[in-house]
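Peer 1: Take a look at this one; I'll ask things after.
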Amino acid sequence: MNTHGSLLGFKHYLPSFFQRLPYHAYDLLTLKTSAKRAQAIIVSSKFEYEDALEFGIPKEKLHVIPMGVKVIENIKEKAENDTLQLLFVGRIARVRRIELLLKAVESLTFPFHLSIVGGEEITSSVSRSGYLQELKLLTQELNLNSKVTFVGRKSQEELKAYYQNADVFIYPSKYENFGQPILEAGAHGLPIIATPVGVARDIVKDGETGFLTSDNPKAMGNCIQILRDSDLRKQIGMRIKDLIRREFDWDNIIGQYISLYNSF
């Protein structure tokens, strides 16, 4: 059984007990039968592993096998540019806390441009709509209109150009069970600044492959400031690509699935 997400994800983004009640009721009514009958349960990150333990899955049944990604080789070297290109990719949802990123870049005193790629999505039936419009209003209030572009949804093929043109990838989410854009950014050799969610906990090592940050905009801004150094960005980019090539290459991931399947 592959959980394809956290077994307890709802508790991370539904604020009240009554909003969580249908999920608890479902688990009570089904007695968590599917999970209990499975001989092996696959989770994709440490984050999902911890949630699965809390859900009641025995350790001996759990296997961490992440999603894979193709490392992008032979990327053309970027031309030297005084403007630091910052990037966020993901569904525009309140759980992503993009407002923190806007507040973080407001304090930057050097030339930068932030591209926010993604369309608005509602991740829960109790979430309010209108988040994208709120972000655009905040951008205007912070006098960032000339420095921030809301790009909208892009296909996987179109996304490649945004990853390749960026200098730093930033992901301030409150909750992710995995966070595929984080992995994709690393596969393109981008230093990552992220909150400790999903796969960020597995691939972001402070000062080596990026920085794990708190939800404090000032702390986020300080990390961006450090990565203004182009030589440091190149070193970090090489390290994170090497890590992902070793641990997240699809051949490696498929091999882990086959090995687990053959163990029964």
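The values are calculated or read from the model by the stated rules, or taken from the named source; none is laboratory data. In this text, all values refer to a predicted model and were calculated from it rather than measured experimentally. With ideal geometry, Cβ positions are generated from the backbone for all residues, glycine too; neighbour counts draw on all protein chains shown.
Peer 1: Of all residues being exposed (fewer than 12 other Cβ atoms within 10 Å of the Cβ) and of a type in the set (Ser, Thr, Tyr) in region 16-40, which is farthest from LYS61 (Cα to Cα)? Just the residue, please.
Peer 2: My answer is SER16.
Peer 1: A follow-up question, please. Scan region 69-81 and give yes if some residue there is in a loop (DSSP other than H, G, I, E, B), modelled with pLDDT of 90 or more and outside the structural domain of GLN235 (by TED's automatic domain parsing), otherwise no. First the steps, then the outcome.
Peer 2: Let us first name the residues in region 69-81 that are in a loop (DSSP other than H, G, I, E, B), namely 69-81.
After this cut, where a residue has to be modelled with pLDDT of 90 or more as well, the list is 69.
Pick out the ones that are also outside the structural domain of GLN235 (by TED's automatic domain parsing) and you get 69.
Yes, some residue in region 69-81 is in a loop (DSSP other than H, G, I, E, B), modelled with pLDDT of 90 or more and outside the structural domain of GLN235 (by TED's automatic domain parsing).
Peer 1: Quick check: is even one residue across region 25-38 outside the structural domain of TYR163 (by TED's automatic domain parsing), within 27 Å of GLY189 (Cβ to Cβ) and hydroxyl-bearing (Ser, Thr, Tyr)? Let's see the steps before the verdict.
Peer 2: Residues of region 25-38 outside the structural domain of TYR163 (by TED's automatic domain parsing): 25-38.
In the following step, the residues that additionally are within 27 Å of GLY189 (Cβ to Cβ) were identified as none.
No, every residue in region 25-38 fails to be outside the structural domain of TYR163 (by TED's automatic domain parsing), within 27 Å of GLY189 (Cβ to Cβ) and hydroxyl-bearing (Ser, Thr, Tyr).
Yes or no, residue by residue, for (1) more than 24 Å from ARG246 (Cβ to Cβ); (2) not basic (Lys, Arg):
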{"position": "LYS11", "(1), (2)": "yes, no"}
{"position": "PHE18", "(1), (2)": "yes, yes"}
{"position": "ILE42", "(1), (2)": "no, yes"}
{"position": "GLU60", "(1), (2)": "yes, yes"}
{"position": "ASN74", "(1), (2)": "no, yes"}
{"position": "LEU86", "(1), (2)": "yes, yes"}
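Peer 1: Name the residue, out of ILE244, ILE224, ILE240, ILE182, that is out of contact with any Lys or Arg (no Cβ under 7 Å at 6 or more places or on another chain) and free of Cβ contacts under 8 Å to residues at least 24 places away in the same chain.
Peer 2: Details: ILE244 fails: free of Cβ contacts under 8 Å to residues at least 24 places away in the same chain; ILE224 fails: free of Cβ contacts under 8 Å to residues at least 24 places away in the same chain; ILE240 fails: free of Cβ contacts under 8 Å to residues at least 24 places away in the same chain.
Selected residue: ILE182, the only one of ILE244, ILE224, ILE240, ILE182 that is out of contact with any Lys or Arg (no Cβ under 7 Å at 6 or more places or on another chain) and free of Cβ contacts under 8 Å to residues at least 24 places away in the same chain.
Peer 1: For THR195, only one of the following conditions fails: (1) at pLDDT 95 or above; (2) hydroxyl-bearing (Ser, Thr, Tyr); (3) in contact with a Gly (Cβ under 9 Å, 6 or more places away or on another chain). What is its number?
Peer 2: Checking THR195 against (1) at pLDDT 95 or above; (2) hydroxyl-bearing (Ser, Thr, Tyr); (3) in contact with a Gly (Cβ under 9 Å, 6 or more places away or on another chain), the one that fails is (3).
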